């Protein structure tokens, strides 16, 4: 399958909806083709200057703003991942590039207990960071978590490349268990800085 390409320095997970600002002529042409021909496109991550072999298939969800100079803002919906067989930097009569890709099969062995663990750890993180309860989801989807917990781009790509969903869940849990003690420590430091030695908050020994 030939898939138009929009390489970016990001990792996109299935079910994500991402905003994009389109200004280059080649990508304006791509989005125009998405509208008129209903084609999809792929975001294949570029990390440290290297184009990766696994990317995410995207569909134009909406055009949110048009500018007088031709720039546009869009929202794109991620659907699935693919494996790149061959990149084509030039394709006939188009400004944008493309790639020959094949769909990836990710085993859906997601675990209910792991999902509950992710929810618990994320809610704990939100409490420590004093995020209002009304802004705290009761159920965190993996694609909503993975960009918020301190993964590097390469680590996010490793999660995306997992062959099964449970492995992705385990990677997220491991990262949350790694960062939570650090976040607690930083919160304690913040509190001490705010107190600034106020004797009302010095707890005497028993």
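The values are calculated or read from the model by the stated rules, or taken from the named source; none is laboratory data. None of these values were measured; they are calculated from a predicted model. For neighbour counting, all protein chains shown are included, and Cβ atoms are generated from backbone atoms with ideal geometry for every residue, glycine included.
Here's a check for you: in the stretch 161-185, which residue that is out of contact with any helix residue (DSSP H, G or I) (no Cβ under 9 Å at 6 or more places or on another chain) and without any contact (Cβ under 8 Å) to a residue 60 or more places away in the chain is farthest from residue 11 (Cα to Cα)?
In the first step, residues of the stretch 161-185 are kept if they are out of contact with any helix residue (DSSP H, G or I) (no Cβ under 9 Å at 6 or more places or on another chain); the result is 161, 163-164, 174, 178, 181-182, 185.
Filter again for without any contact (Cβ under 8 Å) to a residue 60 or more places away in the chain, leaving 163-164, 174, 178, 181-182, 185.
Values: 163: 16, 164: 17, 174: 19, 178: 21, 181: 26, 182: 25, 185: 29 Å.
Once the filter is applied, the top-ranked residue is 185.
Exactly one of (1) in contact (Cβ under 8 Å) with a residue 60 or more places away in the chain; (2) surrounded by fewer than 16 Cβ atoms within 10 Å (Cβ to Cβ); (3) within 26 Å of residue 155 (Cβ to Cβ) is unmet by residue 1. Its number?
Just one mismatch for residue 1, condition (3).
Give the residue that is surrounded by the most Cβ atoms within 10 Å (Cβ to Cβ), with candidates limited to residues of the stretch 131-146 that are in contact (Cβ under 8 Å) with a residue 40 or more places away in the chain and assigned to a loop (DSSP other than H, G, I, E, B).
Checked the stretch 131-146; the qualifying residue surrounded by the most Cβ atoms within 10 Å (Cβ to Cβ) is 146.
Please find, within the stretch 158-183, the residue that is farthest from residue 109 (Cα to Cα) out of those that are surrounded by fewer than 14 Cβ atoms within 10 Å (Cβ to Cβ) and modelled with pLDDT under 95.
Out of the qualifying residues, it is 182.
Given the structure, is residue 38 farther than 22 Å from residue 146 by Cα, at pLDDT below 95 and not assigned by TED's automatic domain parsing to the domain that holds residue 154?
In short, yes.
Name every residue in the stretch 62-78 that is surrounded by 13 or more Cβ atoms within 10 Å (Cβ to Cβ) and part of a strand (DSSP E or B), in order of residue number.
Passing the criteria: 63, 72, 73, 74, 75, 76, 77, 78.
Can you tell me which of 125, 153 is outside the structural domain of residue 54 (by TED's automatic domain parsing), surrounded by 13 or more Cβ atoms within 10 Å (Cβ to Cβ) and more than 17 Å from residue 182 (Cα to Cα)?
None of the other options fit; the residue is 153.
Please work out which residue is surrounded by the fewest Cβ atoms within 10 Å (Cβ to Cβ), limiting yourself to the stretch 85-114 and to residues that are touching a helix residue (DSSP H, G or I) at 6+ places or on another chain (Cβ under 7 Å) and under 22 Å from residue 159 (Cα atoms).
This residue is 108.
If residue 155 meets every condition in (1) under 25 Å from residue 107 (Cα atoms); (2) in a helix (DSSP H, G or I); (3) more than 12 Å from the chain's Cα centre (by Cα) apart from one, which number is that one?
(3)
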